[in-house]
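Data first, discussion second: the structure below is written as structure tokens.
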Amino acid sequence: MRLEEKPQETQRTRRLRRHLNAPNNSRFTTYDSRFTNMRKRLIVSLLFLTPGICYAQEPRIVPIPSRPLPERRSRDVPLLPRARRDVYVAEYQPTKSEKKLLAPAPEDLQTFAELIHLPDSGLIRIFPAGPWRVVSVDQLETKQTPEFIHFASRYSFTKTKHGHSLQGYVDPGLGWAEIKLEADMLTAGFTRSSVGLLVSLGDVPLQTINETTPGVTAMADFPGPRDYLEERNYILACRQGFELKGFVYRSSLPATVNNTYVLRSINNKRADILVALRIVRADENGSLTLLWKKLKVNPKPSWKRKT
């Protein structure tokens, strides 16, 4: 029997066979050791080439480069608050006893009967506003609830009723109230998107007041705002107040008995009216009795609101 001779194994073949038969974790041992030695030599070379970094200089922190932020546009006028969505509002309904509190005194109704029977005039009683959900001892004795106090401290000459005159799904900030009594002050322009201005004429009979009365002409002639930017400027000017031809105009003035005032109320998309009013009585419970008449009714204003 003849035996076949095995082919002679070369050195390269033996090296490849040993490498293939070796475990998986030992196949790259040779290459790992070569890489480690190369890395050590590189680090040592860098240390010798740049000795100042290690011995003479402190390490410098290089900020991480980042993408440049887009430049924001500067605004000359701050943004106004966004308009609220419509919600369901139920107007407060006073009880019988509360309606009696709102009724003017019988002697006042008799004294001013001739004027209050004219169109666009009336006699009302208004109560001072207080902190929400807080009542005094006197108010508890007269059974005045916080809801009634809030309702009775505001009045709309356009709707001829107390409160904000809102009912249903509406914007609660766009009320119809045009005058408010708070902290012994008469205040106008307190609803959203509205401009209110008051002027005090002194102890002048209400029957003699008209559009041409000194101090009234300036209020009757000025136009309303055209947009929300002018609205903001009007509101700031009215709150700060200004003097013109000897009369002081502000959105809030002290409430004084036997004093006559003129109100200009411009409520966006609601009403623009000019009203003369006179305080004829102040009661012990803090309420005031107002005699009023409309001087002028302008077309309903409308300007663009900030959304």
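Computed from the coordinates by the stated procedures, all read-outs in this text should not be read as laboratory data. Note that the structure is a prediction, hence the values are computed from the model and not measured. Heads up, the Cβs are rebuilt from the backbone with ideal geometry, glycines too, and the neighbour counts pull from every protein chain shown.
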- prompt: Any idea which of H162, P146, P172 is furthest toward the positive side of the dipole for region 144-183, if Lys and Arg beta-carbons carry +1 and Asp and Glu beta-carbons -1?
  reply: H162
Over 24 Å between alpha carbons, listed pairs K159/K245; K99/K296; K99/K180; K100/K269; K180/K269: K159/K245; K99/K296; K100/K269
- request: Apply 1/(1 + (r/R0)^6) to the Cβ-Cβ distance of Q207 and Y88, taking R0 = 41 Å, and write down the FRET efficiency to the nearest 0.05.
  value: 0.45
- line: In whole Hz, the Karplus estimates of ³J(HN,Hα) for region 155-161 (6.51, -1.76, 1.60; θ = phi - 60°; x where Gly or Pro) are 8, 10, 6, 6, 8, 6, 7
- prompt: Which of the GluC sites (Glu not before Pro) found in region 217-307 are in a DSSP loop and have at most 10 neighbouring Cβ atoms, other than their own, within 10 Å?
  reply: E284
message: If I take every Cα pair under 8 Å that is 6 or more residues apart in region 87-298, average their sequence separation and divide by the length, what percent do I get for the relative contact order?
response: 21 percent
Gain on full stretching of the segment that runs from T111 to T217 - 0.36 nm per residue minus C-alpha separation: 35.3 nm
- prompt: Say the dipole of region 87-298 comes from +1 at the beta carbon of Lys and Arg and -1 at that of Asp and Glu; which of I126, S194, Y249 then lies farthest toward its positive end?
  reply: S194
